[in-house]
Every structure is written in structure tokens, then in C-alpha cells.
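Structure first, then comments.
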Amino acid sequence: MEQFSLIFAQAAPSGGGSGLGGFLPILIMFAAMYFLLIAPQRKKQKQHQKMVSELASGADVVTSGGIYGTITNVKDDRFVLRIAEGTKIEITKNSIASVISSDDTLSS
């Protein structure tokens, strides 16, 4: 019986190993999440901010709510859109979803 306990004691892994081995899968998971989720979202956000900062009066845009309009005035934190003849609304700059290029209007 004593021989079995000596064999098991020798075969049992020691708990004094490196702590990095236990954290390695977690680190790999966080790195994968960063490259698959966070980095592309940041890139998309930077592209959107660049697009919004380059907008000027006369640009045809679509809001995140699906409203088509033409920018008539640019203010510090918002745009004034003409959505119909004699109808203007003010929206935040982040509400712009996309810019309608002249190619899109010609193909319609």
C-alpha cells in the first residue's frame, strides 16, 4: 500500500509551476476578441468621424433614422438638413449614417 502512495506522489503534478501557463488561454482569448471585435469597430468609428468632419453645405446625406436630406448649414455640434421644400431639421453630427454620392443618384 505504501508503494502505491509513493508512486502517486511522484506522478502527481506539482502546484509550484509557472502562473503564466494558466493565464495563457485567457490572454489568447482577449487578444482574439480585440482583433476580431474591437479593432474593426474602432476603424469603422474613425472612418465615420472623418466622413462627418468633411461634410459641408450641399451634401446629400442619409441619417441613421433613414431620412434623406441635403445639408444647408453646418454648426459646431449639428447639421441643418433640408428634407423637403421649406422643411428643415437640425440633427446631431453623429446622426449621419452615410453620404449619398452623385453616382448613387444617377443610377436611381
For this session: Might you let me know whether the range 45-58 holds any residue that is of a type in the set (Ser, Thr, Tyr), surrounded by 10 or more Cβ atoms within 10 Å (Cβ to Cβ), modelled with pLDDT under 95 and closer than 30 Å to Ser101 by Cβ?
Result: yes
Exercise. Ile89 passes all but one of (1) modelled with pLDDT of 95 or more; (2) part of a helix (DSSP H, G or I); which number fails?
Worked result: (2)
For this session: Filter the range 92-108 down to the residues that are charged (D, E, K, R) and under 26 Å from the mean Cα position of the chain (by Cα), then identify the one that is modelled with the highest pLDDT.
Result: Lys93
Exercise. Could we say that Ser5 is modelled with pLDDT under 85, over 26 Å from the mean Cα position of the chain (by Cα) and in a loop (DSSP other than H, G, I, E, B) here?
Worked result: no
Seminar exercise, completed: Of (1) among the β-branched types (Val, Ile, Thr); (2) farther than 19 Å from Ala97 by Cβ; (3) modelled with pLDDT of 95 or more, Thr70 fails just (2)
Seminar exercise, completed: Restricting the range 71-101 to residues that are crowded, with 16+ Cβ neighbours inside 10 Å and β-branched (Val, Ile, Thr), the one nearest to Lys46 (Cα to Cα) turns out to be Ile96
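The values are calculated or read from the model by the stated rules, or taken from the named source; none is laboratory data. The shown structure was predicted, so the numbers you read here are calculated from the model rather than taken from an experiment. Cβ atoms come from the backbone with ideal geometry, glycine included; neighbour counts cover every protein chain shown.
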